[in-house]
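Read the structure below first, then the notes.
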Amino acid sequence: MTKKQAIQLFEEKKVRTVWDDQAEKWYFSIVDVVEVLTESSNPQTYWRVLKNRLKKEGNETVTNCNAFKLQAADGKMRLTDVAYTEQLFRLIQSIEIFPICLP
């Protein structure tokens, strides 16, 4: 399975992406997308809270999310939750439905 990593910019913020040749899909770092959409100061916590809420509801989008190793800010390769385009649209709708207030 060949994977190609890339950085996409959205409103000057980085979104880590990876292309999976076998699935023929782009996957996007969910934490990066959460940061862009919510402007949260702690997108990892925001995603963790949202993910738990969605799992409790039995949301299949969260259950079916993949994790790939992507380069983190410290330069190390870390397992990161990713979603392809259709999954991302569903998660974006969830962000709009379940806004999360973090300290």
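The values are calculated or read from the model by the stated rules, or taken from the named source; none is laboratory data. Just so you know, these numbers come straight off a predicted model, no measurement behind them. Positions of Cβ are generated from backbone atoms using ideal geometry, with glycine treated the same way; all protein chains shown enter the neighbour counts.
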Legend entry - Residues satisfying the stated conditions in the range 27-37, i.e. touching a Pro at 6+ places or on another chain (Cβ under 8 Å) and over 13 Å from PHE68 (Cβ atoms): VAL34, GLU35
Inset, instruction - Go through ILE30, ILE92 for me and flag whichever is among the hydrophobic types (A, V, I, L, M, F, W, C) and modelled with pLDDT under 90. - result: ILE92
Inset, instruction - Might you let me know whether the range 52-63 holds any residue that is within 17 Å of VAL15 (Cβ to Cβ) and among the aliphatic types (A, V, I, L, M)? - result: no
